[in-house]
Amino acid sequence: MWRAGDAADGVDPAFGTWLDQGKEIAPTAAGALAALDASDAPRKLVIAGQTRAAIAEAEALAGDRGVPLLAISWFDPRGAYADWAANDPLIQAMSGVVFSFGEVAGPPMLPQGYGAQTVAGITAFNAALAALIPARPPQRIESSVFEAALCFAETGAVGAVAYGWAARRLGVNRYSPTCPNNIYRTADGYVGVTALTYHQWRALTGLIGRPELAAEPRFLTSIQRLAHGDEIDALLAPAIATRPSDFWIGQGDALRIPITPATPPAQLPHAPHWQGRGSFAPAAGEVQGPTLPFRFTYDGAVKPLPAGGAAGPLEGVRVADFSMGWAGPLACRYLADLGADVLKIESSVHPDWWRGIDPTPGADLTPLELPRNFMCVNRNKRGLDLDLGRPEDRRAAEAIVAVADVVLDNQGPGVMDKLGLGAADQRRLNPAAVSIVMPPFGRSGPLAGLRAYGSTVEQACGMPFLNGRAAWPPAMQHVAYGDPVAGLYAAAAALVGLYGRARFGSPQIELCQVECLFQLGAAGIIAAQAGGVARDGPRRPHMAPCCVVRGAGEAEAWLAVAVDSDAAWAALARAIGRADLANDSGLATLAGRKAREDELEAAVAAWAAQRDPRAAAEALQAAGVPAAPVIPTHELFADPHLQDCGYWGLQVRAYIDDHFVPQAPFRYDGQRPPLVRPAPTLGEHTDEVLAELGIVRDKVGA
């Protein structure tokens, strides 16, 4: 799509250079395959996407050489959208994210950048690298951009099925269930503030000199505060504007309130924390692009590659999963889907917080078994109830670490060290373990200890300054955008560690969650340095028209159109019955269309106002126009394409019986990885796992 130094399609050539770093550019497919034949790499792969023609050509060439093919398409070819044209804004519109982003009255806001393709890239990387670990890989690995992008909304989609709720647009930087969850101007910049718990809210009200607000009945819970979001902002904004950012960040750190610097993209490479970590490096001239979000320290033992098996390429790999919430559990779910035996370690005293509550001693634990988001990210795992504060349970956890291939945690800074299960302890217990930690800001630098949520990670990554309209404050796309992205990159880190362990020894891996989002925002970060970025709503420099317009029927019926070529424009003008526009030579080029965007968007809006968005999208797609209905999260389950592709799987589990979960967004030789077991009930497999390891719980260490 882009070549280094090529400004075609309006894409910053520096971004193309950043994408191509470390690659050899071959002028033809035959040349690339000749280089592949000459390579002495132990595992080889042909990658193709996203058009059917490109995939078919690559498949023939790969088949001739007996090399596996990784086929990345916009949509799974088995579904209703198989022949649809797509691009990043359309995929975002269809994935559930766009519908909830923007002002209450609408329209929903299309984001900037190439987040959908970036997420698809890391998803496909994970599937491909795992497939290459065994000696006999599958011959065809498939992934689609659409399914990969559902990582942001899949938990909400299954929740909507279970509870019957519908997605709503609550306003700029308003996302259930968290309030405040916003970016505020300070005396010298911006900070992002998240206060989910009552303790965080109470500390925040004291910090702004209004401690009486903590006892105000209508502000006691986050959901209640969300209902009074305008009032909350009116209280916080003027107070935060009186002092510099460093004051709020330092006080937030001391009081355990998630407060982060919200740094504009052009300034990120020069911010002391990121500069000190080497988070950016030259991409083209003076412009810097993000480096990888991992830090590998190879200080452990060598161990052969897994052999794989019927369960998947990671059959025989054991994972000790000490993570909670979304990011870490999602990473381990990917490993479980690939055949690893993932042991989820929590306790009835400190259960995974995505189970919904912190129980009191003797309380009924049934509510812990009901949340559907927990089911989504913990299926295919076995669950243990180990209270790591009890010596005998901690010794049981040590025994699990001693036989694990991967140990992953996303606990707060220092928690695992205090329990005697930190990185140094893991290396002592098991020199061959791939050890992964996921601190939001990394383990080094002045921001290393900041408390954070997925919202904090997005607030810190620069992207809010790229999305939305110029009059808006820096705008977030999601309540926890950073979580699923960090989960995907953590899975990649684990796979790289396993793949390289046979040669380099087992690594300790530090994954920085904010740096993961730098990957998604790279185009904007680079463009902001190269010449600046104008926040222009849904419009993009290399597309026109690119907009969301209202359709006929319900108030929340929206159509997205993203014209990315001259041919698509001509097709659009004809499809909406505007021969005058189709024949207007002034609109035959992108520059001409950009100069008259208001006029073109009005023409699309007038046509769409008389039509159901899905029917309108189908008509436009049939004419060759990239268009799609804006799909809210609660409609994803019933989406005809996802139903055709079998994306949703049915499982049966104690307490809730039948329930749906998303399946893996990739296939090996046409088949998705199997759904082996539902998410574990609390401690469901404790006795089973400890018996396999020869541990009698009450006599551990005797």
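In a loop (DSSP other than H, G, I, E, B), within 30 Å of Pro313 (Cα to Cα) and touching a Phe, Trp or Tyr at 6+ places or on another chain (Cβ under 7 Å): does that describe Pro138? Explain how you work it out, then say what you get.
Numbers: in a loop (DSSP other than H, G, I, E, B): yes; within 30 Å of Pro313 (Cα to Cα): yes; touching a Phe, Trp or Tyr at 6+ places or on another chain (Cβ under 7 Å): yes.
So Pro138 passes the test.
Tell me yes or no: at least one residue of segment 486-508 is assigned to a loop (DSSP other than H, G, I, E, B) and surrounded by 23 or more Cβ atoms within 10 Å (Cβ to Cβ). Talk me through it step by step, then tell me what you get.
Filtering segment 486-508 down to residues assigned to a loop (DSSP other than H, G, I, E, B) leaves 505-506.
Narrowing further to those that are surrounded by 23 or more Cβ atoms within 10 Å (Cβ to Cβ): 506.
Yes: segment 486-508 contains one or more residues that are assigned to a loop (DSSP other than H, G, I, E, B) and surrounded by 23 or more Cβ atoms within 10 Å (Cβ to Cβ).
Of Ala571, Ala606, Ala617, which residue is open to solvent by 50 Å² or more (accessible area, probe 1.4 Å), assigned to a helix (DSSP H, G or I) and aliphatic (A, V, I, L, M)? Before you say what the answer is, go through the steps one by one.
On the way: Ala571 fails: open to solvent by 50 Å² or more (accessible area, probe 1.4 Å); Ala617 fails: open to solvent by 50 Å² or more (accessible area, probe 1.4 Å).
Checking each option against the conditions leaves just Ala606.
Given the conditions (1) of a type in the set (Gly, Ala, Ser); (2) open to solvent by less than 10 Å² (accessible area, probe 1.4 Å); (3) in contact with a Phe, Trp or Tyr (Cβ under 9 Å, 6 or more places away or on another chain), and given that Ala62 satisfies all but one, which numbered condition is not satisfied?
Going through (1) of a type in the set (Gly, Ala, Ser); (2) open to solvent by less than 10 Å² (accessible area, probe 1.4 Å); (3) in contact with a Phe, Trp or Tyr (Cβ under 9 Å, 6 or more places away or on another chain) one by one, Ala62 breaks only (3).
Please verify whether Gly586 is in contact (Cβ under 8 Å) with a residue 24 or more places away in the chain and either farther than 20 Å from Gly551 by Cβ or of a type in the set (D, E, K, R) (or both), treating the condition exactly as stated. Break it down into steps so the answer makes sense when it comes.
Values: in contact (Cβ under 8 Å) with a residue 24 or more places away in the chain: no; either farther than 20 Å from Gly551 by Cβ or of a type in the set (D, E, K, R) (or both): yes.
The answer is no for Gly586.
Could you tell me whether Val415 is out of contact with any Ser or Thr (no Cβ under 7 Å at 6 or more places or on another chain) and either open to solvent by 10 Å² or more (accessible area, probe 1.4 Å) or at pLDDT 95 or above (or both)? If you could, list the steps in order and put the result at the bottom.
Values: out of contact with any Ser or Thr (no Cβ under 7 Å at 6 or more places or on another chain): yes; either open to solvent by 10 Å² or more (accessible area, probe 1.4 Å) or at pLDDT 95 or above (or both): yes.
Answer is yes for this residue.
Give segment 534-548 a look and list any residue that's crowded, with 22+ Cβ neighbours inside 10 Å and among the aliphatic types (A, V, I, L, M), or say none.
Met543, Ala544, Val548 - these are the residues of segment 534-548 that are crowded, with 22+ Cβ neighbours inside 10 Å and among the aliphatic types (A, V, I, L, M).
Quick check on segment 129-138. Is at least one of its residues closer than 25 Å to Ile525 by Cβ, in contact (Cβ under 8 Å) with a residue 40 or more places away in the chain and within 20 Å of the chain's Cα centre (by Cα)?
First, pick out the residues of segment 129-138 that are closer than 25 Å to Ile525 by Cβ: none.
Looking through segment 129-138, none of the residues is closer than 25 Å to Ile525 by Cβ, in contact (Cβ under 8 Å) with a residue 40 or more places away in the chain and within 20 Å of the chain's Cα centre (by Cα).
Can we say Thr242 is touching a Ser or Thr at 6+ places or on another chain (Cβ under 6 Å), hydroxyl-bearing (Ser, Thr, Tyr) and modelled with pLDDT of 95 or more? Before the answer, list the steps.
On the way: touching a Ser or Thr at 6+ places or on another chain (Cβ under 6 Å): no; hydroxyl-bearing (Ser, Thr, Tyr): yes; modelled with pLDDT of 95 or more: yes.
Criteria not met by Thr242.
If only one of Val161, Val145, Val119 is out of contact with any Leu (no Cβ under 6 Å at 6 or more places or on another chain), open to solvent by 10 Å² or more (accessible area, probe 1.4 Å) and among the hydrophobic types (A, V, I, L, M, F, W, C), which one is it?
On the way: Val145 fails: open to solvent by 10 Å² or more (accessible area, probe 1.4 Å); Val119 fails: open to solvent by 10 Å² or more (accessible area, probe 1.4 Å).
Only one candidate passes the filter, namely Val161.
Test Thr118 against the stated conditions and say whether it is in contact with a strand residue (DSSP E or B) (Cβ under 7 Å, 6 or more places away or on another chain), touching a residue at least 24 places away in the same chain (Cβ under 8 Å) and among the β-branched types (Val, Ile, Thr).
On the way: in contact with a strand residue (DSSP E or B) (Cβ under 7 Å, 6 or more places away or on another chain): no; touching a residue at least 24 places away in the same chain (Cβ under 8 Å): yes; among the β-branched types (Val, Ile, Thr): yes.
Judged against the criteria, Thr118 is not a match.
Of all residues in segment 645-702, count the ones that are part of a helix (DSSP H, G or I), open to solvent by 30 Å² or more (accessible area, probe 1.4 Å) and not small (Gly, Ala, Ser). Lay out the reasoning, then the answer.
Filtering segment 645-702 down to residues part of a helix (DSSP H, G or I) leaves 645, 686-692, 697-699.
If we keep only those that are open to solvent by 30 Å² or more (accessible area, probe 1.4 Å) too, we end up with 687-688, 691-692, 697-699.
Filter once more, so that each one left must be not small (Gly, Ala, Ser): 687-688, 692, 697-699.
Total meeting the criteria: 6.
Might you let me know whether segment 384-402 holds any residue that is on the phi > 0 side of the Ramachandran plot and either open to solvent by 40 Å² or more (accessible area, probe 1.4 Å) or at pLDDT 95 or above (or both)? Give the steps one after another, and end with the answer.
Quick first cut of segment 384-402, residues on the phi > 0 side of the Ramachandran plot only: none.
No, segment 384-402 has no match at all.
Look at segment 248-272 and say how many of its residues are more than 23 Å from Thr178 (Cβ to Cβ), part of a helix (DSSP H, G or I) and open to solvent by less than 70 Å² (accessible area, probe 1.4 Å). Lay out the reasoning, then the answer.
If we filter segment 248-272 for residues that are more than 23 Å from Thr178 (Cβ to Cβ), which is where we start, we get 264-272.
Filter once more, so that each one left must be part of a helix (DSSP H, G or I): 265-270, 272.
Add one more test, that the residue is open to solvent by less than 70 Å² (accessible area, probe 1.4 Å), and what stays is 265-266, 268-269.
Matching residues across segment 248-272 total 4.
Output the number of the condition that Val625 fails; it satisfies all remaining conditions of (1) among the aliphatic types (A, V, I, L, M); (2) more than 21 Å from Asp88 (Cβ to Cβ); (3) open to solvent by less than 10 Å² (accessible area, probe 1.4 Å); (4) assigned to a loop (DSSP other than H, G, I, E, B).
(2)
Name the residue, out of Arg394, Arg355, Arg379, that is among the charged types (D, E, K, R) and within 28 Å of Arg667 (Cβ to Cβ). Spell out the reasoning first.
Details: Arg394 fails: within 28 Å of Arg667 (Cβ to Cβ); Arg355 fails: within 28 Å of Arg667 (Cβ to Cβ).
On inspection, the qualifying residue turns out to be Arg379.
Could you list all residues from segment 335-367 that are aliphatic (A, V, I, L, M), outside any strand (DSSP E or B) and at pLDDT 95 or above? I'd like the intermediate steps shown before the answer.
At the first step, the residues of segment 335-367 found to be aliphatic (A, V, I, L, M) are 335-336, 338, 340, 342-343, 345, 349, 357, 363, 365.
Filter again for outside any strand (DSSP E or B), leaving 335-336, 338, 340, 349, 357, 363, 365.
Within segment 335-367, Leu335, Ala336, Leu338, Ala340 qualify.
Could you list, ordered by first residue, the pairs with Cβ atoms under 9 Å in which the first is in segment 505-529 and closer than 17 Å to His478 by Cα and the second is open to solvent by 10 Å² or more (accessible area, probe 1.4 Å) and part of a strand (DSSP E or B), at least 6 apart or interchain?
Phe518/Phe280
When residues of segment 418-444 are filtered for being open to solvent by 40 Å² or more (accessible area, probe 1.4 Å) and of a type outside the set (D, E, K, R), how many remain? Quick ask: steps written out before the conclusion?
So in segment 418-444, the residues open to solvent by 40 Å² or more (accessible area, probe 1.4 Å) come out as 418-419, 424, 428-429, 431, 443-444.
Next, only the ones that are of a type outside the set (D, E, K, R) stay: 419, 424, 429, 431, 444.
Total meeting the criteria: 5.
Would a scan of segment 577-591 turn up a residue that is within 27 Å of His478 (Cβ to Cβ), open to solvent by less than 20 Å² (accessible area, probe 1.4 Å) and not in a loop (DSSP other than H, G, I, E, B)?
Going through segment 577-591, the residues within 27 Å of His478 (Cβ to Cβ) turn out to be none.
Within segment 577-591, not a single residue is within 27 Å of His478 (Cβ to Cβ), open to solvent by less than 20 Å² (accessible area, probe 1.4 Å) and not in a loop (DSSP other than H, G, I, E, B).
Restricting the first residue to segment 141-165 and requiring it to be in contact (Cβ under 8 Å) with a residue 12 or more places away in the chain and among the polar types (S, T, N, Q), which pairs with a second residue that is part of a strand (DSSP E or B) and open to solvent by 10 Å² or more (accessible area, probe 1.4 Å) meet a Cβ separation below 7 Å and a spacing of at least six or different chains?
That search, which allows pairs on different chains as well, returns Ser143/Ile72; Ser144/Ser73.
Residue by residue through segment 273-332, note down the ones that are open to solvent by less than 10 Å² (accessible area, probe 1.4 Å) and not in a helix (DSSP H, G or I).
Hits for segment 273-332 are Ser279, Gly289, Pro290, Pro293, Leu314, Val317, Val319, Ala320, Asp321, Phe322, Ser323, Gly325.
Those residues that are surrounded by 13 or more Cβ atoms within 10 Å (Cβ to Cβ), in contact (Cβ under 8 Å) with a residue 40 or more places away in the chain and out of contact with any Gly (no Cβ under 8 Å at 6 or more places or on another chain), I need them from segment 207-227; list them, please.
Ser222, Arg225, Leu226
Keeping to segment 167-181, report how many residues are open to solvent by 10 Å² or more (accessible area, probe 1.4 Å) and either part of a strand (DSSP E or B) or hydroxyl-bearing (Ser, Thr, Tyr) (or both).
Selection size over segment 167-181: 3.
The values are calculated or read from the model by the stated rules, or taken from the named source; none is laboratory data. Everything numeric in this text was worked out from a predicted model, so none of it was measured. Counting neighbours? That spans all protein chains shown, and the Cβs are built from the backbone with ideal geometry, glycine included. Heavy atoms of the whole protein, side chains included, go into the accessibility calculation; ligands, DNA and RNA do not. Shrake-Rupley method; radii C 1.70, N 1.55, O 1.52, S 1.80 Å.
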